1. Can you give me the Cα centroid spacing of segment 51-103 and segment 12-32 in angstrom?
2. Want the number for LEU79 to SER19: 0.36 nm per residue separation, take away the alpha-carbon distance, what's left?
3. Checking the cross-link filter: which lysines have an alpha carbon closer than 17 Å to that of LYS52, excluding same-chain neighbours under 8 positions apart?
4. Given the options VAL13, ASN34, ILE78, identify the residue whose Cα lies farthest towards the positive end of the charge dipole of the chain (+1 on Cβ of Lys, Arg; -1 on Cβ of Asp, Glu).
5. Which whole-number percentage describes the relative contact order of the chain, with Cα contacts under 8 Å and a sequence gap of 6 or more?
6. Which FRET efficiency value, to the nearest 0.05, is calculated for THR42 and MET99 with the Förster distance at 30 angstrom and r the Cβ-Cβ distance?
7. For the chain, what does -39500 (n - 2.57) per DSSP helix run (n ≥ 4), summed and divided by total residues, give at 222 nm, in deg cm²/dmol to the nearest 500?
8. Dividing the convex hull volume of the alpha carbon atoms of the chain by its residue count, what do you get in Å³ per residue?
Amino acid sequence: MVFAAGAALLDAVVLSVVSQGGTYGYKITQEVRNVMEVSESTLYPVLRRLQKDHLLETYDMEFQGRNRRYYKITNDGILLLDKYRSEWITYKKNIDSLMLGQV
């Protein structure tokens with residue numbers, strides 16, 4: 001992809017993926033990669049920061065004899081995601097207007 005994603009956009013995408021149901025890191029990486037280029041070495045620090053900021057919480061479950069860490073969005077995460085979604089609508093409209101001549 002030609003356009004670089006900023007931290008806020010990556011946060012919004014990660015929160016959106018996790019909000020669709022508790023999921024684990026590798027699956028989050030794959031979902032995010034469907035819409036933007038991101039490496040695991042970029043994504044895992046984002047997950048840790050969102051957890052530290054109380055926007056995500058984690059729990060471990062056994063999977064094939066190993067513990068797998070799952071992520072779940074918190075109420076604060078939902079509030080921030082709603083804000084990101086609202087701002088995205090305005091941002092997208094403004095970009096479309098400039099880039100595509102759409103009103």
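We did not get these values from a lab; they are worked out from the coordinates using the rules stated. Bear in mind the structure is a predicted one, so any value in this text is a computation, not a measurement. Cβ sites come from the backbone with ideal geometry, for glycine too, and all protein chains shown count toward neighbours.
1. 8
2. Length gained between LEU79 and SER19: 20.5 nm.
3. Here the lysines satisfying the reach criterion relative to LYS52 are LYS72.
4. With unit charges placed on the Cβ atoms, the residue in question is ASN34.
5. After rounding, I find 27 percent.
6. The pair THR42/MET99 has a calculated efficiency of 0.70.
7. Computed ellipticity for the chain at 222 nm equals -19500 deg cm²/dmol.
8. Details: hull volume 10.9 nm³, N = 103.
In the chain, the Cα convex hull volume per residue is 106 Å³.
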